[in-house]
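**Q** Dumping the structure here so I can ask a few things about it.
The values are calculated or read from the model by the stated rules, or taken from the named source; none is laboratory data. Values in this document were obtained by computation on a predicted structure and should not be read as measured data. Here the Cβ positions follow ideal geometry from the backbone for every residue, glycine too, while neighbour counts run over all protein chains shown.
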């Protein structure tokens, strides 16, 4: 029982050529992904956080998640002001990057020097970058949303789990608005290799992030049968949400202008699924 009220995505330009990515992790293991596309943005340029101190606690994927999610403040502001507990955040996110550099340097460290060396090599903030619930927690704080917060970490169906939980909570009137979000980056070698080995050899593995805002509707949304299928480019954990957030461009001829959306962008009505309003796509290409 939901309608898509707003959406936002960041992903590499479709004109950007794939590149081979080689990870220097283990001496005798070839960590090589032949087709990858990443955002042409440094971590510092991805998002301007409300609290700059949060930067060191966020992985690259966490920064991307906040970049897409923070843009929905305008559409959520009236609900948050009336009842902050009526807005929930439903996030599809996997663990942040491991500190392979420190581990590699400590291979031959004597036991008596282990603690001191580990402390010198590893930043205390690294721990926060690894925890998947930190990015959505900071997003919730920035949005001033105090409703339920979920984090789903299934390697393939985390986005679907988030959508279905949001659908359930909207149906039961637990929340009046659901922010469903996800992000995937190429910063972690093991996660990147695992995703690459699970997709078609011809697919290009890309960074990407997306956020949706769902409102209640009289029509039940069967998300299991409404996830788009397109693996020419694969966006890791965030794949399904990225496709949902960008697919309206494929149906441009079927959209009907509806005037200005709440966030100042063009508004549209689309009947797949439910009602599409206030569509917003942001693509950082840095061309």
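**Q** Residue check, residue 167 against (1) surrounded by 16 or more Cβ atoms within 10 Å (Cβ to Cβ); (2) under 13 Å from the mean Cα position of the chain (by Cα), all met but one. Which one?
**A** In the conditions (1) surrounded by 16 or more Cβ atoms within 10 Å (Cβ to Cβ); (2) under 13 Å from the mean Cα position of the chain (by Cα), residue 167 misses (2) alone.
**Q** Looking at 107, 80, 68 in this structure, which one is more than 30 Å from residue 234 (Cβ to Cβ) and in contact with a helix residue (DSSP H, G or I) (Cβ under 9 Å, 6 or more places away or on another chain)?
**A** Of the residues listed, the single one that is more than 30 Å from residue 234 (Cβ to Cβ) and in contact with a helix residue (DSSP H, G or I) (Cβ under 9 Å, 6 or more places away or on another chain) is 80.
**Q** Are any residues in segment 221-230 surrounded by 13 or more Cβ atoms within 10 Å (Cβ to Cβ) and either touching a residue at least 24 places away in the same chain (Cβ under 8 Å) or in a strand (DSSP E or B) (or both), and if so, which ones? First the steps, then the outcome.
**A** At the first step, the residues of segment 221-230 found to be surrounded by 13 or more Cβ atoms within 10 Å (Cβ to Cβ) are 221, 223, 226-227, 230.
Passing the criteria: 221, 223, 226, 227.
**Q** Name the residue, out of 218, 137, that is surrounded by fewer than 22 Cβ atoms within 10 Å (Cβ to Cβ) and either modelled with pLDDT of 95 or more or under 30 Å from residue 23 (Cα atoms) (or both).
**A** Details: 218 fails: either modelled with pLDDT of 95 or more or under 30 Å from residue 23 (Cα atoms) (or both).
Selected residue: 137, the only one of 218, 137 that is surrounded by fewer than 22 Cβ atoms within 10 Å (Cβ to Cβ) and either modelled with pLDDT of 95 or more or under 30 Å from residue 23 (Cα atoms) (or both).
**Q** Among the residues in segment 170-184, are any out of contact with any helix residue (DSSP H, G or I) (no Cβ under 6 Å at 6 or more places or on another chain), without any contact (Cβ under 8 Å) to a residue 40 or more places away in the chain and surrounded by 14 or more Cβ atoms within 10 Å (Cβ to Cβ)?
**A** For segment 170-184, residues out of contact with any helix residue (DSSP H, G or I) (no Cβ under 6 Å at 6 or more places or on another chain), without any contact (Cβ under 8 Å) to a residue 40 or more places away in the chain and surrounded by 14 or more Cβ atoms within 10 Å (Cβ to Cβ): absent.
**Q** List the strands (runs of 3 or more DSSP E) inside segment 1-68, counting only whole elements, that have at least 1 residues being in contact (Cβ under 8 Å) with a residue 24 or more places away in the chain and under 17 Å from the mean Cα position of the chain (by Cα).
**A** The qualifying strands (runs of 3 or more DSSP E) are 2-10, 31-37.
**Q** Hey, another quick one. Yes or no: segment 107-122 includes at least one residue that is touching a residue at least 40 places away in the same chain (Cβ under 8 Å) and surrounded by 12 or more Cβ atoms within 10 Å (Cβ to Cβ). Step through it out loud before you land on a result.
**A** First pass over segment 107-122, keeping only residues touching a residue at least 40 places away in the same chain (Cβ under 8 Å): none.
No, every residue in segment 107-122 fails to be touching a residue at least 40 places away in the same chain (Cβ under 8 Å) and surrounded by 12 or more Cβ atoms within 10 Å (Cβ to Cβ).
**Q** Which condition number in (1) closer than 26 Å to residue 163 by Cα; (2) surrounded by fewer than 18 Cβ atoms within 10 Å (Cβ to Cβ) is the one that residue 64 fails?
**A** For residue 64, the exception is condition (2).
**Q** Looking at segment 24-31, is at least one residue over 30 Å from residue 217 (Cα atoms) and either crowded, with 18+ Cβ neighbours inside 10 Å or in contact with a helix residue (DSSP H, G or I) (Cβ under 7 Å, 6 or more places away or on another chain) (or both)? Full working, then the answer.
**A** Narrowing segment 24-31 to residues over 30 Å from residue 217 (Cα atoms): 24-31.
From what is left, the residues that are either crowded, with 18+ Cβ neighbours inside 10 Å or in contact with a helix residue (DSSP H, G or I) (Cβ under 7 Å, 6 or more places away or on another chain) (or both) are 25, 31.
Yes, because at least one residue in segment 24-31 is over 30 Å from residue 217 (Cα atoms) and either crowded, with 18+ Cβ neighbours inside 10 Å or in contact with a helix residue (DSSP H, G or I) (Cβ under 7 Å, 6 or more places away or on another chain) (or both).
**Q** Then there's this: Collect the residues in segment 83-99 that are outside any strand (DSSP E or B), modelled with pLDDT of 90 or more and either within 19 Å of residue 69 (Cβ to Cβ) or in contact with a helix residue (DSSP H, G or I) (Cβ under 7 Å, 6 or more places away or on another chain) (or both), keeping them in residue-number order.
**A** Step one: of segment 83-99, the residues outside any strand (DSSP E or B) are 83-86, 93-99.
Applying the additional criterion that residues be modelled with pLDDT of 90 or more yields 83-86, 93-94.
If the condition is that a residue be outside any strand (DSSP E or B), modelled with pLDDT of 90 or more and either within 19 Å of residue 69 (Cβ to Cβ) or in contact with a helix residue (DSSP H, G or I) (Cβ under 7 Å, 6 or more places away or on another chain) (or both), then 84, 85, 86, 93, 94 are the ones that fit.
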